[in-house]
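These notes are about the structure you will find just below.
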Amino acid sequence: MKLARNVFLGSLLALSAAACSPVQPWQRGVLAKPHMALEPYPLQNAFRDHDYRSREAALGSGSHGGGGCGCY
């Protein structure tokens, strides 16, 4: 019971901490810059993810096979 209460309070705190505020028109240019993106290099990150998953067989990624050693 105490765990459920703590999980509820923790998730409530996390939701209240996510502050969403309106973005002014003059701020949108700054936020649209490539270095402000969550993934500034999405193609490079996708390649690295594919490369890692193809080498790491322990992940159970399904379609990718690999030796499992993680060697490059």
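Data for the structure
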quantity: Pairs where the first residue, in segment 27-40, is without any contact (Cβ under 8 Å) to a residue 60 or more places away in the chain and the second is outside any helix (DSSP H, G or I) and surrounded by 10 or more Cβ atoms within 10 Å (Cβ to Cβ), C-beta under 6 Å, 6+ apart; calculated: P34/P40
quantity: Residue in segment 24-33 that is surrounded by 10 or more Cβ atoms within 10 Å (Cβ to Cβ) and aromatic (F, W, Y) present; calculated: no
quantity: Residues that are in contact with a helix residue (DSSP H, G or I) (Cβ under 9 Å, 6 or more places away or on another chain) and in a loop (DSSP other than H, G, I, E, B), drawn from segment 17-55; calculated: V23, E39, P40, Y41
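None of the figures in this text is laboratory data; all of them are computed from the coordinates on show. Everything numeric here is computed off the predicted structure, so don't read it as measured data. Neighbour counts run over all protein chains shown; Cβ positions are idealised from the backbone, glycine included.
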